[in-house]
1. Would you check which residues across segment 130-182 are more than 16 Å from the chain's Cα centre (by Cα) and among the aromatic types (Phe, Trp, Tyr) and list them?
2. Is there any pair with a first residue in segment 182-208 that is free of Cβ contacts under 8 Å to residues at least 40 places away in the same chain and a second that is more than 8 Å from the ligand (Cβ to nearest atom) whose Cβ atoms are under 7 Å apart and which are 6 or more apart or on different chains, and what are they?
3. Which members of segment 65-98 meet the condition of being in a loop (DSSP other than H, G, I, E, B) and within 9 Å of the ligand (Cβ to nearest atom)?
4. Only one of (1) in a strand (DSSP E or B); (2) aliphatic (A, V, I, L, M); (3) in contact with a Pro (Cβ under 9 Å, 6 or more places away or on another chain) fails for residue 356. Which number is that?
5. State all residues of segment 181-211 that are part of a loop (DSSP other than H, G, I, E, B) and closer than 21 Å to residue 159 by Cα; if no residue qualifies, say none.
6. Would you point out which residue out of 101, 140, 61 is more than 24 Å from residue 353 (Cα to Cα), surrounded by fewer than 18 Cβ atoms within 10 Å (Cβ to Cβ) and within 16 Å of the ligand (Cβ to nearest atom)?
7. Tell me the residue from 155, 114, 129 that is away from the ligand (no atom under 15 Å from the Cβ), within 30 Å of residue 263 (Cβ to Cβ) and part of a helix (DSSP H, G or I), please.
8. Specify which of the listed residues (281, 248, 294) is more than 21 Å from the chain's Cα centre (by Cα), assigned to a loop (DSSP other than H, G, I, E, B) and in contact (Cβ under 8 Å) with a residue 60 or more places away in the chain.
Amino acid sequence: MNQHTPPPPIPFIDLTAQRRRLGARIDAAIARVVDQCQFIMGPEVARLETELAQFCGARHALSCASGTDALFLVLLAKGIGPGDAVICPSFTFCATAEVVALVGATPVFADVEAVTFNLDPASMRKAVATAKQRGLKPKAIIPVDLFGLPADHDAIAAIARAEQLFVLDDACQAFGAAYKARRLGTLSDATAVSFFPAKPLGCYGDGGAIFTDNDELAEIIRSLRIHGQGSDKYDNVRIGITGRLDSVQAAVLLEKLTIFTDEIDARQEVARRYANGLADVATVPQVPDGYLSVWAQYTIRVAPDRRDALAKSLKESGIPTAIYYPIPLHRQVAYRHYPVVDGGLPVSDQLAAEVISLPMHPYLDAATQDRIIQAVRHALRG
Ligand SMILES: *Cc1c(COP(=O)(O)O)cnc(C)c1O
């Protein structure tokens with residue numbers, strides 16, 4: 001008789017571990033907001049913005065309703081619209097290109113580098129030429145700091161300067177990450193982050209923020225996120241949206257921010273253990289010198305014909321995996337009619353066939369992680 005009971009399933013991201021650590025404090029913070037009844041633009045929102053700006057050294061931090069709204073508000077503020085091209089990667093979450101289409105502009109897809117999963121500066125330069133050949137006016141570039149690793153911001157900024165492009169950093173997966181000793185938030189003209197629960201710094205619902213050092217841009221975004229308000233909300237000076245962050249979410253984030261750097265450190269340790277345990281059986285992610293990743297995902301690459309079997313075998317052992325992203329945007333129904341850089345996107349296509357993400361969060365203990373590592377090794381070698 002088989003007395004063997006399967007080991008307990010492992011969560012992909014364990015949000016309950018963090019709740020156990022912070023629980024009473026967050027509940028108290030939420031209760032304070034509920035008692036005060038200042039649900040919209042309460043004092044927590046201004047306090048959070050001050051702390052977020054300090055955290056990354058940006059002059060302005062503007063909280064908003066989601067990471068998507070953060071990106072959208074910046075494009076609205078810049079007046080980007082029909083006839084304009086915005087260069088972005090195809091190997092990303094759909095919101096990166098969605099906001100470009102929403103303002104009526106044209107996303108032009110560039111390729112990424114296989115090693116970092118991030119925008120290839122040479123492909124970006126070529127995509128600018130592709131946009132011009134199509135009769136579009138290149139106006140902006142949206143690099144993405146995918147899986148928590150910063151893009152090559154110096155190389156991107158240099159091309160953007162030469163082409164007079166606005167740089168909007170999609171740091172929705174990478175708040176807290178650093179590039180050459182600077183935290184994301186000051187490396188581009190504007191930076192968008194998300195506080196979706198599964199992101200490295202997540203709230204208890206949807207939330208986001210925009211960082212910029214530009215006073216004029218900050219002022220316009222402040223207005224746009226509250227229906228284009230002027231001196232007060234019944235003075236409407238432009239067309240805007242309901243784009244605010246709830247006071248309750250700000251209160252949650254203020255508490256989580258107090259342990260965020262500690263969690264970023266813990267993520268480094270988890271990533272290091274994965275790299276040590278898996279580097280000889282799969283392609284493990286590389287962090288270039290001078291970069292700090294916040295490891296929103298731990299994404300390895302395997303041969304395309306081994307990936308399904310790996311996922312199935314891990315699932316049978318109670319280990320969840322995810323494919324970020326199985327179909328690059330230029331092959332999605334909603335986006336496939338938009339231009340791609342001349343020569344196509346071979347690396348994006350290759351990565352979509354090879355990537356698989358493993359459980360990753362700051363509270364992944366060594367014993368549980370060892371179970372994952374052994375299961376991956378067994379599946380790939382057996
Ligand atoms: C999550 C994410 C977004 C959108 O953030 P939301 O808060 O979910 O709207 C945008 N871009 C990237 C790369 C993301 O991962």
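Any read-out appearing in this document is the output of simple, stated calculations on the displayed coordinates, not a laboratory observation. All values derive from a computational prediction rather than experimental measurement. Glycine gets a Cβ as well: all are built from the backbone with ideal geometry, and neighbour counts include every protein chain shown.
1. Taking segment 130-182 and keeping what is more than 16 Å from the chain's Cα centre (by Cα), we get 130-140, 154-166, 180-182.
Matches in segment 130-182: 166 only.
2. 187/153; 187/169; 187/179; 189/166; 189/167; 189/168; 189/212; 189/214
3. Listed by number, the residues that qualify are 65, 66, 92, 93, 94.
4. Condition (3) is where residue 356 drops out.
5. Of everything in segment 181-211, those that are part of a loop (DSSP other than H, G, I, E, B) and closer than 21 Å to residue 159 by Cα turn out to be 184, 185, 186, 187, 188, 189.
6. Details: 140 fails: surrounded by fewer than 18 Cβ atoms within 10 Å (Cβ to Cβ); 61 fails: surrounded by fewer than 18 Cβ atoms within 10 Å (Cβ to Cβ).
After applying the criteria, what remains is 101.
7. On the way: 114 fails: part of a helix (DSSP H, G or I); 129 fails: within 30 Å of residue 263 (Cβ to Cβ).
Going through 155, 114, 129 in turn, the sole match is 155.
8. The unique qualifying residue is 281.
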